[in-house]
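The values are calculated or read from the model by the stated rules, or taken from the named source; none is laboratory data. All figures in this text were calculated on a predicted structure; none of them were measured in a lab. Here the Cβ positions follow ideal geometry from the backbone for every residue, glycine too, while neighbour counts run over all protein chains shown.
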Amino acid sequence: MARALGLVENGVRDRHPGWSVERIGPREPIGPVVATWDEDAVRLIGEADAVVVASPVYRGSITGTLKLLIDMLPNESLRSKPVGILTVAAAPHHFLSAERHLRDILGWFGAVTAPNSAFFVDSAFRTDEVDAEVLAALGEFADQVVTLSECLGGRRFGPDPLTVRYAKRAAG
């Protein structure tokens, strides 16, 4: 997973020189499967022009560590923000499992999810040489997220998601 995400980051740096890239990672693991996040991660996501959510497919969904981060995010942190989904799994038949869950979650936040996600089987990254087709797909994925962000130009997109509308009603 880390290697695939690194290739996306390099693609943005190489192909979009005006863009900066910052990887947000969890703190030290608290067990064999889960790690926690600090408030800096939440702040960086809120300030970002675009986000790539990357997760290995774990038991047909996202990891518990990613779920903990999502639970920390305020409703507005992903509102109208371009978000790309990158997943890696052990087998091709897992291609929609985590993506489906992430699309539902991102919709709840009102994120503008990139139309094409990037999914790969982990064997694509096991050797020093990554196949040219995989590299091209990762580059196209990165281009898609950057282009979506540039087209939106920070504008709000669509009506507020239900969670935001209900929070406004409760506060007002």
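Tabulated data for the structure shown
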| quantity | calculated |
| --- | --- |
| Residues located in region 63-122, provided they are small (Gly, Ala, Ser), assigned to a helix (DSSP H, G or I) and surrounded by fewer than 16 Cβ atoms within 10 Å (Cβ to Cβ) | Gly64, Gly107 |
| Where Arg155 falls short, out of the listed (1) over 19 Å from Pro56 (Cα atoms); (2) surrounded by 11 or more Cβ atoms within 10 Å (Cβ to Cβ); (3) of a type in the set (Lys, Arg) | (2) |
| Qualifying residue in region 127-141 (condition: in contact with a strand residue (DSSP E or B) (Cβ under 7 Å, 6 or more places away or on another chain), loosely packed, with under 14 Cβ neighbours inside 10 Å and of a type in the set (A, V, I, L, M)) | no |
| Count of region 123-168 residues which are out of contact with any Phe, Trp or Tyr (no Cβ under 7 Å at 6 or more places or on another chain), modelled with pLDDT under 80 and assigned to a helix (DSSP H, G or I) | 6 |
| Flag for Thr127 being over 24 Å from Ile45 (Cα atoms) and among the hydroxyl-bearing types (Ser, Thr, Tyr) | yes |
| Tally, over region 25-61, of residues that are surrounded by fewer than 17 Cβ atoms within 10 Å (Cβ to Cβ) and assigned to a loop (DSSP other than H, G, I, E, B) | 13 |
| Condition met for Val112 (aliphatic (A, V, I, L, M) and either under 21 Å from Asp71 (Cα atoms) or in contact with a Ser or Thr (Cβ under 8 Å, 6 or more places away or on another chain) (or both)) | yes |
